[in-house]
1. All other residues with a Cβ under 15 Å from the Cβ of residue 251 taken together, and with Lys, Arg as +1 and Asp, Glu as -1, what is their net charge?
2. Kindly put 270, 177, 2 in sequence by how many other C-beta atoms sit within 10 Å of each C-beta, fewest to most.
3. Considering only the other residues whose Cβ falls under 12 Å of the Cβ of residue 241, what net charge follows from Lys and Arg at +1 and Asp and Glu at -1?
4. Residues with beta-carbon under 10 Å from that of residue 148, excluding residue 148: net charge, scoring Lys, Arg +1 and Asp, Glu -1?
5. Could you point to the residue in 169, 120, 281 farthest towards the positive end of the chain's charge dipole, with +1 and -1 charges on the Cβ of Lys/Arg and Asp/Glu respectively?
6. Using only the alpha carbon atoms of the stretch 154-298, find the Kirkwood hydrodynamic radius as the inverse mean reciprocal pair distance, in angstroms to one decimal.
7. Tell me, 114, 13 in order of fewest to most beta-carbon neighbours within 10 Å?
8. Charges at C-beta only: +1 for Lys and Arg, -1 for Asp and Glu. How large is the resulting dipole of the stretch 36-113 about its Cα centre, in Debye rounded to 20?
Amino acid sequence: MKLLILGGSGQLSGRIAELAMQQGHDVWTLSRGVRPLPPGVHALTADREDDASVRRAIDGANTRWDACIDCNGRTPKTAAQCVEIISRHTERFVVVSTDSVYHPAHKEVPQDESNEHYLTDGGYGATKRLMEECFIASGLNYTIFRPGHIFGAGFQLGCYPEHTRQPDLLAYLCAGKPLRLVGGGEFLIHPIYVDDLALAILDSINKPAAFRQIFCIGGTDVVTNADYYRLLGRIIGCDVTIETVPLDGYLEAHPQYSGHLCHRSYDMTKLRRAGVRMPCTSLEDGLREQVAWLETRT
């Protein structure tokens, strides 16, 4: 297939590009050209804040793609680029959204796609939902994925305040410093290994049961946030001490963490029934790879 990836230099989009080429696909990427791209891609350069530059890059490629994978769309504006510009060059779109579209006060355990309690506060999750709505209303052949925490090589460790995506987390743990976890890390998390998400996205392209559908997606393991950090400690051979940060009042003081201070686990029955490749990498195996990757960078 000929695939267009909107992104290509990010942790997820770059991995999708690499795995797609390993599968024998011909890959184009659209990025600002600031960060390195996987070797072998056809690089298109544009800023998604500038519709004219996107139009020049897409039209200038003079290519008909089998699918477009949008990894960095965040707003109705970026969705409109797909609808108004890119759809003239492909009929198929796979879009990476987020579980943060759901209102945290109304999430279910496990969460499925039938929940329609969405955030409307103007923040990240609410804006992502507006992006989704543009695809839904467009009539395009879309598939939308809603992952939560993505992990693996290319990502920083940490999934929960006050230790989310912390660059020095390994050194912090090895120094014996206590982890400050809100509510003691009692909420559930359902992380997905980056390759599992990338392969599910690629597998969904030609699955008719995935057309015009939205899927929640997580990995093989659901654990508490505290157990995520305890597992990480076992992997690196360090004891983990947890200091509980009171939950009362924390969200009011830190509204940016609303998507974290709730259970985040997903019912993937719909994804399985659609015949899309299911995640198969355990949290432990994926974290071991992530730790090994980080250790090569120190």
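1. Values: positive: 107, 264; negative: 121, 162, 186, 248, 252.
Within the 15 Å Cβ shell, the charges total -3.
2. Details: 270 19, 177 12, 2 15.
Listed from fewest to most nearby Cβ atoms, that is 177, 2, 270.
3. On the way: positive: 177, 180, 230; negative: 239, 243.
Once all neighbours under 12 Å are counted, the net charge is +1.
4. Details: positive: 146, 264; negative: 99.
Residues near residue 148 contribute +1 overall.
5. Farthest along the dipole direction, towards plus: 281.
6. Numbers: mean 1/r = 0.0605 Å⁻¹.
In the stretch 154-298 this quantity evaluates to 16.5 Å.
7. Details: 114 8, 13 25.
Ascending Cβ contact count within 10 Å gives the list 114, 13.
8. Values: 9 positive and 13 negative charges, 54 e Å.
Computed about the Cα centre, the dipole is about 260 debye.
Taken together, the values in this text are just the output of simple stated rules run on the coordinates, not laboratory data. None of the values given here were measured: they were computed from a predicted structure. Every residue, glycine as well, gets a Cβ built from its backbone with ideal geometry; the counts of neighbours run over all protein chains shown.
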